[in-house]
Amino acid sequence: MARIRVLVVDDHRVFAESLAAALAAEPDVDVAAAGSGPAALRCLDRAAADGRRFDVMLVDADLAGADGVELVGQVREGRPGLRSVVLAERDDAHRAALALQAGAWGWVAKDCSLQRLLAVVRGVLRDETHLPPALLTGVLRELTEVRRHRTESERLVESLTPREREVLRCMVAGLGRKAVAERLFLSPHTVRTHMQNVLGKLGVHSTLAAVALARRAGVAPAEDLVPVRESAGDVVERGGQLA
């Protein structure tokens with residue numbers, strides 16, 4: 001019989017221990033518990049180092065000091081075989097949609113029956129996505145709205161010049177005007193002009209709003225950015241000379 005390894009992540013100790021005990025009573029389930037997001041990551045890393053892996057992570061939507069949905073996003077990278085299911089005390093279509101976007105395979109009420117939870121655990125391992133029926137319409141509406149905003153954001157980003165997109169990626173990375181100038185070998189004045197153009201074309205009035213729109217459009221930060229060839233309109237300063 002193939003065994004299912006489940007990690008319960010919840011900072012409510014009594015709930016976590018009782019849930020872990022109930023799941024461990026199943027003949028094909030092995031369970032471990034973690035009381036926080038960092039503890040869960042350490043547990044996953046230790047298992048991987050030992051050549052083992054967890055199959056399903058059951059995570060509280062309201063972890064103290066951290067969002068359970070955020071943890072889902074953190075474990076998604078590098079652990080493609082791990083299926084995350086969010087346990088929630090209340091229905092919330094908006095947060096459930098965020099959880100699915102982060103990589104969750106299910107959103108389940110904390111007070112559901114053990115039989116229901118086991119059905120979800122086994123279902124996500126068959127590539128099924130599980131949502132309460134009452135949330136389905138709201139979640140679909142949220143995801144449709146997100147897609148609409150993303151499409152509009154992508155269209156606006158595409159209106160930028162290559163240089164303006166570089167500047168926007170630097171903004172997404174949290175770089176200030178001086179740091180952008182140094183990274184792209186531009187004068188601060190030129191960077192200021194590019195930033196103003198970016199805000200205008202995106203139809204926003206602040207750097208924070210521009211970054212939010214860029215993230216919706218899937219713009220990556222400038223960590224691996226290689227500056228494009230300067231255009232005639234760029235003022236470039238090197239060694240005290242203008243190029």
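Any read-out appearing in this document is the output of simple, stated calculations on the displayed coordinates, not a laboratory observation. Given the structure is predicted, the values throughout are model-derived calculations rather than measurements. Glycine also receives a Cβ, built like all others from the backbone with ideal geometry; neighbour counts cover every protein chain displayed.
Assigning unit charges at the beta carbon (Lys, Arg +1; Asp, Glu -1) and nothing else, what dipole magnitude in debye, to the nearest 20, does the chain show about its Cα centre? Display every interim value, and only then the final one.
Details: 33 positive and 33 negative charges, 130 e Å.
Dipole of the chain, to the nearest 20 debye: 620 debye.
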Using the per-residue mean of other Cβ atoms lying within 10 Å as a proxy for protection, in what order, highest first, do the peptides 181-190, 22-31, 102-111 fall?
102-111, 181-190, 22-31
How high is the relative contact order of the chain, in percent, counting Cα pairs under 8 Å that sit 6 or more residues apart?
13 percent
For residue 187, list long-range residues whose amide hydrogen, built 1.01 Å from N in the peptide plane, is under 5 Å from its own amide hydrogen.
235, 237
For the modelled label position 7 Å from the Cα of residue 111 along Cα-to-Cβ, which residues of the range 1-45 have backbone nitrogen atoms closer than 16 Å?
15
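Figure the gain on full extension for residue 206 and residue 45 (residue separation times 0.36 nm, minus the Cα-Cα span) and round it to one decimal in nm. Can you show the working numbers first?
Working: separation 161, 0.36 × 161 = 57.96 nm, distance 3.96 nm.
In short, 54.0 nm is gained.
Can you tell me the order of 47-58, 122-133, 157-168 when each peptide is scored by its average per-residue count of other Cβ atoms within 10 angstrom, highest first? Walk me through the numbers on the way to the answer.
Working: 47-58: 15.8, 122-133: 14.2, 157-168: 18.5.
Top to bottom by mean Cβ count within 10 Å: 157-168, 47-58, 122-133.
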If each part is reduced to its alpha-carbon centroid, the range 1-45 and the range 165-188 end up apart, in Å, by 45 Å
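Run lengths n ≥ 4 of DSSP H only: what is the helix-derived mean residue ellipticity at 222 nm for the chain, with -39500 (n - 2.57) per run over all residues, to the nearest 500?
Details: 10 runs with 125 residues, N = 243.
Rounded to the nearest 500, the figure is -16000 deg cm²/dmol.
Can you give the net charge of the other residues whose Cβ lies under 12 Å from the Cβ of residue 57, counting K and R as +1 and D and E as -1? Present the calculation step by step, with values, prior to reporting the outcome.
Numbers: positive: 5, 53, 76, 79, 83; negative: 10, 55, 60.
Local net charge: +2.
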Within 13 Å, Cβ to Cβ, of residue 70, how many net charges do the neighbouring residues add up to if Lys/Arg are +1 and Asp/Glu are -1?
-2
For the pair residue 134 and residue 18, how long in nm is the line joining their label points, each one 7 Å along Cα→Cβ?
2.0 nm
